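Worksheet: one structure, shown below.
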Amino acid sequence: MGLFDQVVGALSGNQSGGGNALLETVLQLVNNPQTGGLGGLVQSFQQGGLAEIVNSWVSTGQNLPISAEQIQSVLGNSTLQDLAAKLGMSNEQISGGLAAMLPQVVDQLTPNGEVPQGGDLLAQGLDLLKGRLFS
């Protein structure tokens, strides 16, 4: 079982009703049209000085890790506080969870080493990812 499977399994067991609110939050982040979707999220990390890390997630090679502090520096305290409040978690828990999940989610949504263009491709990628996680 890979790290991503372990994280998803652990988080699924800790959510009320058996759902996985953190995974759904990650999927909302990468599909948010207000921030430019997956492309906008990738660009935020690139502009935040983490281009090497985020580019490794998009590429077909090994994913570089990211720390909770790096997640916080890119997404900002306000965003993390909103997400933490929504999920009933602390800022440390949400940033740690995002640090564990985001590289894997971005990697799964960019199987050809490129950020998909257009909403239909992103929706297909999200459906594929959901199918792999919850089948």
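The values are calculated or read from the model by the stated rules, or taken from the named source; none is laboratory data. Just so you know, these numbers come straight off a predicted model, no measurement behind them. When we count neighbours, we look across all protein chains shown, and the Cβ atoms used for this are built from the backbone with ideal geometry, even at glycine.
Residues that are part of a loop (DSSP other than H, G, I, E, B) and farther than 22 Å from A21 by Cβ do not occur anywhere in the stretch 69-86.
Looking only at the stretch 42-55, residues that are closer than 15 Å to E114 by Cβ and surrounded by 19 or more Cβ atoms within 10 Å (Cβ to Cβ) come to 2 in all.
On the given criteria, is N91 in contact with a Leu (Cβ under 9 Å, 6 or more places away or on another chain), surrounded by fewer than 17 Cβ atoms within 10 Å (Cβ to Cβ) and modelled with pLDDT under 95? Taking the combined requirement at face value, the residue satisfies it.
Return yes when G48 is of a type outside the set (S, T, Y) and more than 16 Å from A99 (Cα to Cα) and no when it is not. No, not satisfied.
For the stretch 56-68, the candidate set comprises residues that are touching a helix residue (DSSP H, G or I) at 6+ places or on another chain (Cβ under 7 Å) and in a helix (DSSP H, G or I); within that set, the residue that is farthest from P103 (Cα to Cα) is A68.
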